[in-house]
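Structure first, then comments.
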Amino acid sequence: DLTFVPLGGDQPMTGRQILRSHPKGKLFSRTLPKAGPQGGLVPVLRDASGKVLSLPPITNAAGVGEVTPTTRNLFIDVTGITQKTVLEMINILAHNFLDAGSPVKTVTVERDGAAPLVTPSLDRRPVLFSARFLNEMLGTAIAKADLGRYLSRMDLEVTGTQEIRIPSYRTDIFSEIDIAGDLMVAIGLHNLQAEPTALRFHTGASDPLRDFVLSVGDQAQRMGLMEVKSFVLTDPEILSGFTPDTRLTANAKSRSFSAVRSTIQAGLLEILSRNISAPKPINIYETGEVVSPTDPVTESFYWGFASLDARASFATAKAYVQTLLKALQIPYELEACTAAHYIPGRAATVLVNGQGAGHFGEIHPALLSQFSFPEPVCSGELDCRRLMG
């Protein structure tokens with residue numbers, strides 16, 4: 001059985017005892033898939049005489065595995081979940097010691113069914129490059145023969161062919177676009193000259209719709225509503241409570257984001273349902289894009305609101321809509337609304353210039369039950385394009 005004195009201890013412990021009782025064992029034993037309190041296979045490093053050096057990644061052995069201020073020889077082991085990451089890390093550590101003036105020796109790892117692995121690897125790896133590409137990226141005209149002078153400052157070697165030799169510690173270089181970044185640093189930003197552009201620019205102007213939406217949001221906040229944001233893509237099951245037609249996306253990765261919203265209200269009620277335990281009342285609003293559920297496809301910009309409160313009612317929703325339209329100085333008319341997600345007789349359609357511009361009302365009990373609301377909810381939404389006329 002595996003027995004040694006762990007680092008920081010003074011008594012020998014078995015492998016099982018270390019995994020079960022040692023502070024590091026209890027903390028890191030889960031990183032060993034086949035190990036646990038009841039035993040199993042664990043990696044062990046021993047020297048030529050069979051003496052235990054380390055039980056990676058749990059703990060080193062006391063004595064030979066202990067590093068002190070007087071230690072001059074180090075055996076470094078790196079553990080991880082992927083071989084590529086482990087090898088890159090040991091290469092970086094090796095170069096750190098070399099930069100400090102310490103000699104570094106390699107270790108040959110014998111592997112069953114595979115060629116021996118020598119670590120660390122100080123060999124450079126090749127990356128293809130094009131001098132023309134590098135110059136186009138930086139707006140320079142450096143001859144290929146002169147590139148080596150600049151790139152050598154970044155410890156990169158130009159071989160004279162189409163390859164640049166990358167040191168093993170540079171794990172951040174994957175392609176020639178990364179080399180272009182190093183070349184820019186080597187040249188120095190202050191040495192790159194700006195040139196007049198052939199592009200023509202003109203003075204832009206703000207989008208009138210966006211300006212209007214900002215004014216709508218400002219008025220909503222004055223009414224005590226808190227702004228929220230939901231996703232344009234949503235769950236079709238949530239939309240089903242508001243419209244029988246749903247526009248689905250192709251190749252959706254998740255059902256939760258497989259439908260394009262055709263109403264702001266669905267997202268508002270979902271947000272309320274996630275905050276049922278918050279202090280009441282909860283009064284929120286949102287402005288955002290919606291897409292028509294039927295052909296032809298049209299996109300609109302809606303303002304919507306919702307209120308969760310024991311006193312929420314048709315009168316509450318009407319007060320929000322009337323206050324907003326009055327502040328924006330928009331004349332309107334109201335008529336009965338028969339949308340299924342409202343309680344019959346407690347909803348209204350907003351007409352602007354004789355056309356439907358939105359609706360509001362008290363949410364139907366069936367929908368309240370779907371979202372598990374313990375109290376009444378009133379809600380509504382308006383089409384900002386229609387409000388602008």
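The values are calculated or read from the model by the stated rules, or taken from the named source; none is laboratory data. It should be emphasised that the depicted structure is a prediction, and the values quoted were computed from it without experimental measurement. All Cβ positions, glycine included, derive from the backbone under ideal geometry; neighbour counts span all protein chains shown.
Things worth noting here:
- Scan segment 341-369 for residues that are surrounded by fewer than 16 Cβ atoms within 10 Å (Cβ to Cβ), of a type in the set (S, T, N, Q) and out of contact with any helix residue (DSSP H, G or I) (no Cβ under 7 Å at 6 or more places or on another chain) and the total you get is 2.
- Of the residues making up segment 45-90, just one is at pLDDT below 85, farther than 26 Å from GLN11 by Cβ and among the hydrophobic types (A, V, I, L, M, F, W, C), namely ILE81.
- Filter pass, ASN251 being surrounded by fewer than 21 Cβ atoms within 10 Å (Cβ to Cβ) and on the phi > 0 side of the Ramachandran plot: yes
- Looking at SER307, SER277, just one residue is more than 28 Å from THR249 (Cα to Cα) and assigned to a loop (DSSP other than H, G, I, E, B), and that residue is SER277.
- Of the residues in segment 336-356, none is among the basic types (Lys, Arg), under 15 Å from ASN283 (Cβ atoms) and in the same structural domain as GLU289 (by TED's automatic domain parsing).
- When LEU268 is tested against (1) aliphatic (A, V, I, L, M); (2) assigned to a helix (DSSP H, G or I); (3) farther than 15 Å from VAL377 by Cβ, only condition (3) is not met.
- ASP146 being exposed (fewer than 15 other Cβ atoms within 10 Å of the Cβ), without any contact (Cβ under 8 Å) to a residue 12 or more places away in the chain and farther than 30 Å from SER29 by Cα: yes
- When each of PRO37, PRO120 is tested for being in contact with a helix residue (DSSP H, G or I) (Cβ under 7 Å, 6 or more places away or on another chain), of a type outside the set (Gly, Ala, Ser) and at pLDDT 85 or above, the lone residue that passes is PRO120.
- If only residues of segment 78-130 that are under 31 Å from the mean Cα position of the chain (by Cα) and loosely packed, with under 10 Cβ neighbours inside 10 Å are counted, the one that is farthest from ASP178 (Cα to Cα) is ILE81.
- Among the residues listed as ARG170, ARG210, the single one being free of Cβ contacts under 8 Å to residues at least 40 places away in the same chain, in a loop (DSSP other than H, G, I, E, B) and surrounded by 10 or more Cβ atoms within 10 Å (Cβ to Cβ): ARG170
- Of all residues in segment 216-265 being in a helix (DSSP H, G or I) and acidic (Asp, Glu), the one that is modelled with the highest pLDDT: ASP218
- Taking the criterion of being assigned to a strand (DSSP E or B) and under 40 Å from the mean Cα position of the chain (by Cα), the only residue of segment 310-349 that qualifies is TYR342.
- Qualifying residue in segment 364-386 (condition: of a type in the set (D, E, K, R) and farther than 25 Å from LEU233 by Cα): yes
- Residues of segment 104-131 that turn out to be among the β-branched types (Val, Ile, Thr) and within 27 Å of GLY160 (Cβ to Cβ), as a count: 1
- Residue identified as touching a Phe, Trp or Tyr at 6+ places or on another chain (Cβ under 6 Å) and either more than 30 Å from SER258 (Cβ to Cβ) or touching a residue at least 12 places away in the same chain (Cβ under 8 Å) (or both) among ILE179, ILE238: ILE179
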